[in-house]
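Take a look at the structure set out below.
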2 protein chains.
Amino acid sequence: MNRIKATISYDGTNFAGYQIQPGIRTVQQEIDKALTKIHKGENMISYASGRTDAGVHANGQVIHFDTPFNLPLDRWKKALNVLLPTDIRINKVESVDQDFHARYSATGKTYRYKWSYSEVHSPFERNFSVPLGTRKPNVEKMREAAMHLMGTHDFSSFCSTKTATSNKVRTVKLLTLEEQDEFLVMTINGDGFLYNMVRTIAGVLIDVGVGRKAPSDVLSILEKKDRKTAGKTLSAQGLYLENVEYKSYDNPS
Amino acid sequence: MNRIKATISYDGTNFAGYQIQPGIRTVQQEIDKALTKIHKGENMISYASGRTDAGVHANGQVIHFDTPFNLPLDRWKKALNVLLPTDIRINKVESVDQDFHARYSATGKTYRYKWSYSEVHSPFERNFSVPLGTRKPNVEKMREAAMHLMGTHDFSSFCSTKTATSNKVRTVKLLTLEEQDEFLVMTINGDGFLYNMVRTIAGVLIDVGVGRKAPSDVLSILEKKDRKTAGKTLSAQGLYLENVEYKSYDNPS
């Protein structure tokens, strides 16, 4: 068997999320269907670095699958892109060892959250960013709050109450806010993220930006370890999974 | 009665074109529905500078409508944007004289056609540009061909055989090709365009770019006045109505 790693992008708009669920359109369903077709009907299953919710996008999701086939890597890419719907694209295909696992080998992830400053939210942006309307946030205050979230913390206040994992300690290595043209972009990198963590952090930072919270409030929210203290989870269409890190691949020696 | 001019943008992806047709979703249908709602059920009709086909986008389509209401212009914009679906946005609202007509007062239009050079066509671009795949066109040759199309010509070879208008003479004032990041963009400005004219011109220019036609072939295509000589009409998702010109508004004296 050969293990194949693929880096993929998708427009999450028309998917009910990443993971296969009977009767609804998901990213995994489309990928497994394409793989199964390539394998002449043999039932194929792919594994991703993690799920994404309905409406969430990806520029750099990573998956792996096992195959008895020995195709050149470029052929995998072409064959999959021909069979997949155009809202999923395979950007890169690599051959990996059997001990590589898209989910368990991941050492870090980067997400982006994208807001629009435009007075009228462009119809071309409606699924790809979140309008701030007339609320022009104070980005400096948001950066101050972001500083408090960097490092290793118990992020219980910053994840969905539906989070299954008991260990809520995560390390945020990078959390930046940048203004690019008519957009405000939050970039967050860490060793792992709890369910809804990025969108909850984005919500708290915007609350700080528009003055509903002070930058230092973030400290007490962290301390309380109670989801109710953090405010709302922002909508999915602003969120992008940008990159998944793997030790041996990112730091080849 | 007050006549209102509105400049609008729309993502054409989920519309069966601009003009109202029973039983299918069109841009005009949504606009007239929103206007009718504002006018408490009074049946409202809007007039556009022209139709666009299914899948064609607009950044600067212009419409007008008559209303007995005397709302501040900003209220019109807000009310319509609240009622309209997010794939149509009102960017600007102006009060105009009764002799202004979105279609008949128009003195010129600008369209854009957008191709993508990306080896893998981004899922976020799938409805907004046309992939060139491995065909890297010679843009210099395309510009040479474009020069032949500028000026006043009979464009019979460059419009759909379904074109109703008998006079096929039009003036192209500007026809440029620019490379922007991973995109190739054709911009065309003229006094008016025949049905499918922009997409047919785009198709001929790409044919020249990839060597299927020589730049000078454009001259014989024009001469023959036969649609069959020009090649195929490119797909709708690359096409944008950018701007509509009106004499008195663009050159206020």
Looking at the stretch B:157-173, which of its residues are out of contact with any Asp or Glu (no Cβ under 7 Å at 6 or more places or on another chain) and open to solvent by less than 30 Å² (accessible area, probe 1.4 Å)? B:F158, B:C159, B:S160, B:T163, B:V172
Among B:V93, B:V56, the single one that is open to solvent by less than 70 Å² (accessible area, probe 1.4 Å), touching a residue at least 60 places away in the same chain (Cβ under 8 Å), of a type outside the set (S, T, N, Q) and within 19 Å of B:F15 (Cβ to Cβ) is B:V56
Out of contact with any Asp or Glu (no Cβ under 9 Å at 6 or more places or on another chain) and either in contact (Cβ under 8 Å) with a residue 24 or more places away in the chain or of a type in the set (S, T, Y) (or both): does that describe B:E119? no
Does any residue of the stretch B:120-139 turn out to be in contact with a Leu (Cβ under 6 Å, 6 or more places away or on another chain) and either in the same structural domain as B:A58 (by TED's automatic domain parsing) or modelled with pLDDT of 95 or more (or both)? yes
Leading residue by the ranking (nearest to the chain's Cα centre (by Cα)) among those in the stretch A:193-228 that are more than 18 Å from A:D154 (Cα to Cα) and in a helix (DSSP H, G or I): A:I206
Scan the stretch B:70-79 and tell me whether some residue there is within 17 Å of A:P123 (Cα to Cα), small (G, A, S) and free of Cβ contacts under 8 Å to residues at least 60 places away in the same chain. yes
Can you pull out every residue in the stretch A:38-53 that is touching a Lys or Arg at 6+ places or on another chain (Cβ under 8 Å) and surrounded by fewer than 19 Cβ atoms within 10 Å (Cβ to Cβ)? A:Y47, A:G50
Only one of A:G190, A:G209 is assigned by TED's automatic domain parsing to the domain that holds A:P123 and either touching a Ser or Thr at 6+ places or on another chain (Cβ under 6 Å) or surrounded by fewer than 21 Cβ atoms within 10 Å (Cβ to Cβ) (or both). Can you tell me which? A:G190
Hits in the stretch B:109-120 (condition: under 18 Å from A:K92 (Cα atoms) and either surrounded by 20 or more Cβ atoms within 10 Å (Cβ to Cβ) or within 23 Å of the chain's Cα centre (by Cα) (or both)): B:Y117
Given the condition under 30 Å from A:N14 (Cα atoms), within 14 Å of chain A (Cβ to nearest Cβ), of a type outside the set (G, A, S) and in contact with a Gly (Cβ under 8 Å, 6 or more places away or on another chain), answer yes or no: does some residue in the stretch B:75-82 qualify? no
Only one of B:T67, B:T86, B:T36 that is over 15 Å from the mean Cα position of the chain (by Cα), of a type in the set (S, T, N, Q) and under 24 Å from A:G133 (Cα atoms): B:T86
The conditions are (1) out of contact with any Phe, Trp or Tyr (no Cβ under 6 Å at 6 or more places or on another chain); (2) open to solvent by 10 Å² or more (accessible area, probe 1.4 Å), and B:E182 fails exactly one of them. Which is it? (1)
With the checklist (1) closer than 26 Å to A:T187 by Cβ; (2) within 14 Å of chain B (Cβ to nearest Cβ); (3) open to solvent by 40 Å² or more (accessible area, probe 1.4 Å) in hand, flag the one item A:T86 doesn't pass. (1)
How many residues are β-branched (V, I, T), more than 14 Å from chain B (Cβ to nearest Cβ) and surrounded by fewer than 18 Cβ atoms within 10 Å (Cβ to Cβ) when one looks only at the stretch A:1-37? 3
Conditions first: (1) crowded, with 22+ Cβ neighbours inside 10 Å; (2) modelled with pLDDT under 95. A:R199 passes all but one, so which condition is the exception? (2)
Would you point out which residue out of B:T176, B:T152 is under 27 Å from B:E119 (Cβ atoms), open to solvent by 10 Å² or more (accessible area, probe 1.4 Å), in contact (Cβ under 8 Å) with a residue 12 or more places away in the chain and outside any loop (DSSP other than H, G, I, E, B)? B:T176
Any residue at all in the stretch A:20-32 that is among the basic types (K, R) and part of a loop (DSSP other than H, G, I, E, B)? yes
Being of a type in the set (A, V, I, L, M, F, W, C) and more than 14 Å from chain A (Cβ to nearest Cβ) is the filter; apply it to the stretch B:92-129 and report the residue that is nearest to A:N127 (Cα to Cα). B:W115
Hits in the stretch B:127-149 - residues which are under 19 Å from the mean Cα position of the chain (by Cα) and open to solvent by 30 Å² or more (accessible area, probe 1.4 Å): B:N127
Among B:L149, B:L222, B:L175, B:L205, the single one that is touching a helix residue (DSSP H, G or I) at 6+ places or on another chain (Cβ under 8 Å), closer than 23 Å to B:A54 by Cα and of a type outside the set (G, A, S) is B:L205
In the stretch A:222-242, residues that are open to solvent by 10 Å² or more (accessible area, probe 1.4 Å) and out of contact with any strand residue (DSSP E or B) (no Cβ under 8 Å at 6 or more places or on another chain) total 10
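The values are calculated or read from the model by the stated rules, or taken from the named source; none is laboratory data. Since the model is a prediction, treat every value here as computed from it, not as a measurement. Cβ coordinates were reconstructed from backbone atoms using ideal geometry, including for glycine residues, and neighbour counts include every protein chain displayed. Protein only, heavy atoms only, side chains kept; ligands, DNA and RNA dropped before computing areas. Shrake-Rupley method; radii C 1.70, N 1.55, O 1.52, S 1.80 Å.
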